[in-house]
């Protein structure tokens, strides 16, 4: 069961998004092979029909990809609010729980405490209740008011890829070095990988709004 008012990295059901992407890829691959075979045996009319079907599938998929991006919007989460990431048959929740700053040579050192939580209420019936989960890779960046992005260094707590069981959580301490006189305003955590850019409803897809954490 998915909690009410869950804020996720997607505005389309994750399982359907993945299945749509895989289905479109499989259909296109099989269709291309069919075109090659049809041309080889001289069935050019059939080849044109298959090409038209590929075009239709691409148009529908791109329309859905762009449509869910257009209706999306940026969100800004307050301290302690959670952003969920779908792991297909369960969900991980991330929240920013503490921020400290200290002067450094020519810069300011920001240390952020990020909590990762395996929400046991989001497990599908098919998943064993005690099976541990290794989080997918995440891209974490801090943005200033001009839009400049800064990468993090893990300096304490648990590594972001530490496996955890349902109901467990841990805190990772991240450090950012920001030029003196520049003040960061928000944190972005996203999935890391190329398929996400082509998944319907994923915040990494073109023109899609993103969910940020306010500092």
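The values are calculated or read from the model by the stated rules, or taken from the named source; none is laboratory data. Keep in mind that what you see is a predicted model, and the values were worked out from it rather than measured. Here Cβ is always computed from backbone atoms with ideal geometry, including for glycine, and neighbour counts include all displayed protein chains.
What the table shows:
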{"read-out": "Test: residue in the range 124-143 that is under 28 Å from the mean Cα position of the chain (by Cα), in a helix (DSSP H, G or I) and free of Cβ contacts under 8 Å to residues at least 12 places away in the same chain", "value": "no"}
{"read-out": "Residues within the range 173-198 that are modelled with pLDDT of 95 or more and closer than 22 Å to residue 122 by Cβ, tallied", "value": "2"}
{"read-out": "The range 133-167 - residue that is within 15 Å of residue 91 (Cβ to Cβ) and out of contact with any helix residue (DSSP H, G or I) (no Cβ under 7 Å at 6 or more places or on another chain) and, of those, surrounded by the fewest Cβ atoms within 10 Å (Cβ to Cβ)", "value": "134"}
{"read-out": "Checking residue 108 against (1) over 19 Å from the mean Cα position of the chain (by Cα); (2) assigned to a loop (DSSP other than H, G, I, E, B), the condition it does not meet", "value": "(2)"}
{"read-out": "Test: residue in the range 159-172 that is over 22 Å from residue 77 (Cβ atoms), in a helix (DSSP H, G or I), within 17 Å of the chain's Cα centre (by Cα) and at pLDDT 90 or above", "value": "no"}
{"read-out": "Options 180, 161; residue that is touching a residue at least 24 places away in the same chain (Cβ under 8 Å) and farther than 22 Å from residue 133 by Cα", "value": "180"}
{"read-out": "Residue check for residue 97: modelled with pLDDT of 95 or more, within 25 Å of the chain's Cα centre (by Cα), surrounded by fewer than 14 Cβ atoms within 10 Å (Cβ to Cβ) and closer than 27 Å to residue 138 by Cα", "value": "yes"}
{"read-out": "Qualifying position, being touching a strand residue (DSSP E or B) at 6+ places or on another chain (Cβ under 9 Å), modelled with pLDDT under 95 and over 23 Å from residue 7 (Cβ atoms), among 137, 132", "value": "132"}
{"read-out": "Condition check for residue 118: over 23 Å from residue 172 (Cβ atoms), in contact with a strand residue (DSSP E or B) (Cβ under 9 Å, 6 or more places away or on another chain) and surrounded by 12 or more Cβ atoms within 10 Å (Cβ to Cβ)", "value": "no"}
{"read-out": "Residue satisfying condition, being under 17 Å from residue 196 (Cβ atoms), more than 18 Å from the chain's Cα centre (by Cα), surrounded by fewer than 18 Cβ atoms within 10 Å (Cβ to Cβ) and modelled with pLDDT of 95 or more, within set 33, 62", "value": "62"}
{"read-out": "In the range 184-203, residue surrounded by the most Cβ atoms within 10 Å (Cβ to Cβ) [restricted to those that are touching a residue at least 40 places away in the same chain (Cβ under 8 Å) and part of a loop (DSSP other than H, G, I, E, B)]", "value": "200"}
{"read-out": "Residue 206 modelled with pLDDT under 90 and within 30 Å of residue 19 (Cβ to Cβ)", "value": "no"}
